[in-house]
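The values are calculated or read from the model by the stated rules, or taken from the named source; none is laboratory data. Quantities reported herein were computed from a predicted structural model and do not represent experimental measurements. When we count neighbours, we look across all protein chains shown, and the Cβ atoms used for this are built from the backbone with ideal geometry, even at glycine.
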Amino acid sequence: MVRLATTVFALAVFSLPLPVVDAQPGPSVVQAEGDFVYITGEVSRPGKYPLAGSMTVVQLVALSGGLQHASRAQLIIVDGTLNDANGNPVTRSVNFQDILTGKDLARNNVKLRSGDVVIVRNSVQRR
């Protein structure tokens, strides 16, 4: 599952605008062009959204027009700032049904950070 998320993350990243890089000699400085979060997959309006204060994953789903299959949706959140020991992006999985039923909202309704990518997929295996 991590490999799939990493592959999807890589595909999503290649379609994003490149950051502005300071070309001065010495240490490089990368400047982000504002704070944004990204959502892709089974939502009505996938894309790049401005990070508004302390936005949660439920708020981002609402901004993107909602889920196409809320009862079967699984959200994979790719942290835009953290990597594991192998250099892979840190991911976490959330079952949207748990959010709808109010199950463990403190854990499931994740607070997003700049650069996070939310991948929405149908949790039912397709044949």
Spot the failing condition for I99; the list is (1) surrounded by fewer than 15 Cβ atoms within 10 Å (Cβ to Cβ); (2) among the aliphatic types (A, V, I, L, M); (3) more than 15 Å from the chain's Cα centre (by Cα), and only one is missed. (1)
Has segment 44-51 got any residue that is loosely packed, with under 13 Cβ neighbours inside 10 Å and at pLDDT below 85? no
Within segment 83-127, which residues are under 18 Å from I39 (Cβ atoms), of a type in the set (S, T, N, Q), part of a loop (DSSP other than H, G, I, E, B) and at pLDDT 85 or above? N109, S114
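I need the full set of residues from segment 52-73 which are within 15 Å of R113 (Cβ to Cβ) and surrounded by fewer than 17 Cβ atoms within 10 Å (Cβ to Cβ), in order please.
Residues of segment 52-73 that are within 15 Å of R113 (Cβ to Cβ), as a first pass: 52-57, 59-60.
Of everything in segment 52-73, those that are within 15 Å of R113 (Cβ to Cβ) and surrounded by fewer than 17 Cβ atoms within 10 Å (Cβ to Cβ) turn out to be A52, G53, S54, T56.
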